[in-house]
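Structure, as structure tokens:
The values are calculated or read from the model by the stated rules, or taken from the named source; none is laboratory data. The shown structure was predicted, so the numbers you read here are calculated from the model rather than taken from an experiment. Counting neighbours? That spans all protein chains shown, and the Cβs are built from the backbone with ideal geometry, glycine included. Accessible surface is based on the protein model in full, side chains and every heavy atom, while ligands, DNA and RNA are left aside. Shrake-Rupley method; radii C 1.70, N 1.55, O 1.52, S 1.80 Å.
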Amino acid sequence: MNIGDLVVRRSYGGDIAFRVEDLRREEAVIKGTEFRLLADSPLDDLVRVPYAPVSEKTEKANIRANESLSLLKRHRQEQTQRNQATLSGSGEWGTAEPAYFEVPGKVLHLDGDPNYLKKSLNLYEQLRVPADGHYVNEAGMADALYRLLPRVRPDIVVITGHDGVLKHRQNHDLYSLNSYKNSQNFVRAIQVARQFERHYDQLTIIAGACQSHFEALLQAGANFASSPGRILIHALDPVYVAAKASFTSVRDTINMTDVLHNTISGTQGVGGIETRGSYRIGLPRLNDLTKLKVTPSAI
């Protein structure tokens with residue numbers, strides 16, 4: 001067994017694929033390839049595989065991921081139509097270019113997994129969400145935010161990576177931070193972000209990973225967090241919530257039912273509190289502003 005090997009666990013029926021992150025005598029530290037789970041496993045429980053198996057759980061998650069992406073894209077199309085109709089004073093939608101420009105909420109995304117960060121940034125790009133992503137070990141996220149928040153000045157912060165309930169605590173004491181692999185690191189990072197901006201509608205914080213201490217993350221100051229049901233969350237669930245926050249108008253609160261039911265993991269995977277969006281439109285169209293030598297950064 002080597003670091004970087006793709007493995008499954010015999011005791012769980014090989015339902016989830018992992019990468020070996022570290023080796024410790026007779027145990028390995030493993031990270032999920034589709035789910036944000038960090039776990040310890042005896043070496044004799046691990047089986048090396050040439051590729052990630054498509055289990056029923058993984059297949060369902062992939063279907064939900066595609067559905068969630070389609071819903072986000074449809075939401076964007078409907079939003080564009082509503083904006084154009086409102087500004088033109090007509091319900092008709094023609095082929096003309098929009099007469100306005102958009103300022104979606106900016107995301108600062110800290111991720112404890114470089115592969116998930118890459119996937120997340122690709123999805124932000126597809127959805128035209130402005131995002132600044134950084135691979136940071138979970139233990140270093142609080143310090144990273146001290147440096148990054150004043151420089152990036154985001155509207156939305158995503159604090160995620162890997163987490164899990166410690167094996168020896170799995171059947172009790174789920175309300176103690178000491179029972180989790182990284183929830184305490186996420187709490188410290190949230191507290192730093194809240195010290196930077198206390199207003200929940202000025203800085204939306206999305207935090208957590210698989211099985212994270214949902215209540216502690218909310219109490220620390222997160223707007224949205226995982227995991228109410230202490231279940232596995234999909235790698236892209238935090239991105240889905242961030243994209244909804246980025247493209248929900250500052251005049252509206254984020255549709256809680258829509259967001260939480262349409263995440264890949266559902267309401268047992270992600271929960272949160274009522275929060276305003278970060279999206280704005282402006283006039284005239286940005287091309288016209290360019291002629292006046294006004295740059296987007298000055299808006």
So, in the range 152-170, exactly how many residues are part of a helix (DSSP H, G or I) and small (Gly, Ala, Ser)?
0
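Please pick out the residue among Gln195, Gln184, Gln191, Gln202 that is open to solvent by less than 70 Å² (accessible area, probe 1.4 Å), at pLDDT 95 or above and over 16 Å from the mean Cα position of the chain (by Cα). Give the steps one after another, and end with the answer.
Details: Gln195 fails: open to solvent by less than 70 Å² (accessible area, probe 1.4 Å); Gln191 fails: open to solvent by less than 70 Å² (accessible area, probe 1.4 Å); Gln202 fails: open to solvent by less than 70 Å² (accessible area, probe 1.4 Å).
Checking each option against the conditions leaves just Gln184.
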Output for the range 140-164, where each listed residue is touching a Lys or Arg at 6+ places or on another chain (Cβ under 9 Å) and over 15 Å from Gln195 (Cα atoms):
Val152, Thr160, Gly161, His162, Asp163, Gly164
Of (1) assigned to a loop (DSSP other than H, G, I, E, B); (2) of a type outside the set (Ser, Thr, Tyr); (3) under 24 Å from Tyr124 (Cα atoms), Leu174 satisfies all except one. Which?
(3)
Taking into account only those residues within the range 236-267 that are acidic (Asp, Glu) and not in a loop (DSSP other than H, G, I, E, B), which is surrounded by the fewest Cβ atoms within 10 Å (Cβ to Cβ)?
Asp258
Considering only the range 215-235, I want to know if a residue exists there that is at positive phi, basic (Lys, Arg) and part of a loop (DSSP other than H, G, I, E, B).
yes
